[in-house]
1. Note down all Cβ pairs under 6 Å where the first residue falls in the range 75-93 and is more than 18 Å from S13 (Cβ to Cβ), the second is among the basic types (K, R), and they're at least six residues apart or on different chains.
2. Conditions first: (1) over 18 Å from C36 (Cβ atoms); (2) of a type outside the set (D, E, K, R); (3) surrounded by 13 or more Cβ atoms within 10 Å (Cβ to Cβ). P111 passes all but one, so which condition is the exception?
3. Among the numbered criteria (1) touching a Gly at 6+ places or on another chain (Cβ under 9 Å); (2) surrounded by 17 or more Cβ atoms within 10 Å (Cβ to Cβ); (3) of a type in the set (S, T, Y), which single criterion is violated by T86?
4. Name the residues in the range 10-62 that are part of a helix (DSSP H, G or I), in contact (Cβ under 8 Å) with a residue 12 or more places away in the chain and either within 18 Å of L121 (Cβ to Cβ) or among the polar types (S, T, N, Q) (or both), would you?
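Read-outs throughout are calculated quantities, based only on the coordinates presented, and are distinct from any laboratory measurement. Note that the structure is a prediction, hence the values are computed from the model and not measured. Because the Cβ atoms are built from the backbone with ideal geometry, glycine has one as well, and the counts that use them run over all protein chains shown.
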Amino acid sequence: MGLLADFVVTSPSDALQYASLLREGNSLPAQRFERCEYKNYTPLSLGLLWALLANEKLDAKRHKLETVRIADGGHTWLLRFPDEFTKLIADVDEQLIRRIAHTWANEDDVPGDGEDNVPVLKDVKRLAIQAQIKGHNLYLWGSL
C-alpha cells in the first residue's frame, strides 16, 4: 500500500477535520478542500525539495514542515508548509520543473525518478498558488 501523502489546500480549521472526514468515508467538499493524492512523499523528502528550491544545503531545523497534529500513535500526521516554502513552490518557473524534478529525484529519500516527480511538482505548484490566492495554507497529510 505504501505511505499515503495527500497535499491539501484548506483553512486551518478545516485542515483539522480532514482526517476524520476521510476516515468516515465522507466526500470532501471541493469548496473546502483542494487536494492531490500521492504515495511515499515524506516530510524529509519535502525538506529536500525546499532546500533545492532555495538553493541551500538541507538544514533539518530550517527546512521542515510545521507539525499541526500527529495522531493514531504516530501513524497519521498533518503538517503545514511554511509560507516561505509555499511561495518558493508557487513561484517555480514552469520551464525548470523538469530539471528540478530530476535533481530532486537524485536524493535517496525522494521516491520515483525525475519523470515521476514532474506531475507531483506541477500539482504542488498549482496547490501552492491556490493557497496564496485563497489566503489558505498548504498541508501534507500522511498516513502509514
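1. If the second residue must be among the basic types (K, R), the pairs left are I89/K125; V92/K125.
2. Just one mismatch for P111, condition (1).
3. The one condition T86 does not meet is (1).
4. Those that are part of a helix (DSSP H, G or I), in contact (Cβ under 8 Å) with a residue 12 or more places away in the chain and either within 18 Å of L121 (Cβ to Cβ) or among the polar types (S, T, N, Q) (or both): P43, L44, S45, L46, G47, L48, L49, W50, A51, L52, L53.
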